[in-house]
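Step one of this worksheet: look at the structure below.
Read the figures in this text as sums done on the coordinates, not as results from a lab. All figures in this text were calculated on a predicted structure; none of them were measured in a lab. Note that each Cβ is placed from the backbone with ideal geometry, even for glycine, and that neighbours are counted across all protein chains shown.
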Amino acid sequence: MPVNPADSPILGTLYGSDAMRAVFNETAYFQRMLDVEAALARVQGRLGIIPADAADAIIAAAHVENLRTEDLAASARNVGYPVVGLVAGLSEAAGPAGGWTHWGATTQDIMDTATVLQVRDGLDLIEAELRGILTALAGQADRYRDTVMAGRTHLQQALPVTFGLKCAIWAMPFIAHLERLKQLRVRVEVVEFAGAAGTLASLDSNGIAVMQALAAELKLGAPLAPWHVCRDGLTEAVGFLGLVCGSLAKIATDIILLAQTEVNEVAEPYVTGRGASSTMPQKRNPIASEYILAAARAAQGLVPVMLGAMAQDHERATGPWQTEALVLPQAFVLTHGALLHTRAIAEGLVVNAARMRANLDITHGLIVSEAVMMGLAPVLGRNEAHHVVKHACDVALAEVIPLADALARDKAVSSRLDRSAIERMIDPANYLGSAKAFIDRVVAAAG
C-alpha cells in the first residue's frame, strides 16, 4: 500500500488521476530512460559514431520488460542512481552490441531527459484540462450573463453582479495559463546531453552534433549549453502548476461559500451519494471543492522545495538534484486531480437563480444604495446625495422597511422622483455597469 494517499488505489481516486500516475510511475520512468538510450543509439549509428548494427540491437532491446527489478534495486541501492543497473540490463539484452550502449552519456543526461519526456506528457494532460475548464466556464458565463446575484466584498453583500460575470472571472486566468504553458514548453522541453562534467569530451568534436540530433530525435529543444545544474526550467514547470492550483482554489473557495445552506446559490453536480454524511442523511457536502483545496495546498507547498533545489553546486549537485524526484511527480498528480474535479464542477454546476434573487432582496434594496446615490448626485451634488441616501439606509435598517419606502419619505428625494422612478433606480438589474461587456471580452478571448 502506498504511503502517499495520492498514489493509493483507494484514496488516489480523490487526490490524483490514473492518467497522470501512468505518466510518472516507476515503470514509465525506466521506459523513458530506455527511450533516451535507444534514441541516442539511433542518432549515433546514423552519424557513424557507433556501428549501425549495434544501434539496431540496442534499439530492439530498449524495452522495460528486459530489465529485472531486483537488479535495478540492487544497483540503485549501491550506486545511488538507477542508470548503472539500467545500462547493464540493456547491454545484456542487446547481446554483443551492448558494449556500445550509453556511448558518451552520463547518468544525469539519461535521467534528466527521461524526466523531461515525462513532464512533456504531463503537460499535455494538464493542457487538455485547462482547455476543458476554460470552455466550460466560458459557456457558463454566457449562459448566466443575465442572472443577477449579490456581489460580495469582505463576505458582505456589496453591489449587484451577474453569475455570468463571476464565471467569466473564474475563466479569465485559464486564458493566461494556456499562454504561460505555451511559453513554458520552450524552456522545459529541452534535451540534456552533456557528458560527465558538461563538456562531452568523450565524443571529441561530435558532441554538439550528437546533442542536437538527439534533441531532434526526441522532438525536444537543444540547449545552448548543459543544464545539469541550471534547474530553472523544471522549477518553472512546478511554479506553473502552483499558479494553476491557485486559480482552482479560488473557484473551489467560492463554490464552498455559495453552497452553504444559508446561501444555497450553487451546488456541485449531483451524483447519488456524492458528498454524503455517514450520520446526516440530508448532507450534500461540496466534496470535490474540498479536495481541490487540499490538493492545491499540497502542490503549492512543493514549489518552494523546487526553488530551494536550484542552489546546485559546481558541475553536478550533491543533493538538490535528487530532491526534484520527490516533487515533480506529486506536483503533477495533485494538480491533475484538482483539474479533473474543477472541470466536473464547471461542466455540471447546479445554479439556483431563484435563490440568488431572493438573497439579493434580503436587504430590501440596500445593495443598490450606490445606484441611488449616483442617480441623485447630478441633482443634489455628490456629497448631499451621499448624506440623503445614507440617512435613508439608516431608517430602512432601524425600522426594517424597504429602502424605497425610506427614500420616498425624504422630501429631497420625493420632490424629484416619483415612486416608480425610485423603484427603477433600486432594481439590481439596472445597475450592472459593464458586466455584460466584460463577459463578452472573456468569452471572445476564450473562443
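Among the helices of the chain, those built from whole DSSP H runs whose Cα atoms reach 20 Å or more along their own axis and whose mean Kyte-Doolittle hydropathy is at least -0.5 are 26-46, 107-143, 163-188, 232-258, 287-308, 320-348, 382-399.
Taking H341, H177, H154 in turn, the Gaussian network model of the chain (Cα-Cα springs below 10 Å) assigns the largest fluctuation to H154. Applying both filters, DSSP loop and at most 16 other Cβ atoms within 10 Å, to the GluC sites (Glu not before Pro) of region 311-350 gives E315.
When the dipole is taken about the Cα centre of region 366-425, and only Lys, Arg (+1) and Asp, Glu (-1) are charged at their Cβ, what size is it in debye, to the nearest 20?
180
Could you work out which residue, out of H102, H386, H336, moves most in a Gaussian network model of the chain, that is, has the largest mean-square fluctuation with Cα springs under 10 Å? Of H102, H386, H336, the most mobile in the Gaussian network model is H386. Here Rg and Dmax of the Cα atoms in Å was computed from the coordinates, and among (i) 22.8, 84; (ii) 30.0, 103; (iii) 21.5, 68 the match is (ii). Expressed as a fraction of 2.2 N^0.38 Å, the C-alpha radius of gyration for region 104-259 is 1.47. Per residue, the average separation of C-alpha pairs within less than 8 Å and at least 6 apart gives region 5-357 a relative contact order of 19 percent.
Find the relative contact order for region 27-73 and round it to a whole percent, using C-alpha pairs within less than 8 Å whose residues are 6+ positions apart. Rounded, it is 40 percent for region 27-73.
For a quick check, take a GNM of the chain with Cα springs below 10 Å and name the residue from I422, I256, I208 with the largest mean-square fluctuation. In the Gaussian network model the winner is I422. Based on the convex hull around the alpha carbon atoms, region 378-447 presents an average projected area of 6.3 nm². Here's the picture: charge each Lys and Arg Cβ at +1 and each Asp and Glu Cβ at -1 in the chain, and of S17, Y144, G239 the one pushed furthest to the positive end of that dipole is Y144. Once C-alpha pairs closer than 8 Å and six or more residues apart are averaged by separation and normalised to the residue number of region 366-425, the relative contact order reads 28 percent. Distant-in-sequence amide contacts of A158, defined by a placed amide H-H separation under 5 Å and a gap of 5 or more residues or a different chain, comprise G151, R152, T153. Counting only DSSP H runs of at least 4 residues, each contributing -39500 (n - 2.57), and dividing by the residue count of the chain, the helix-based mean residue ellipticity at 222 nm comes to -21000 deg cm²/dmol.
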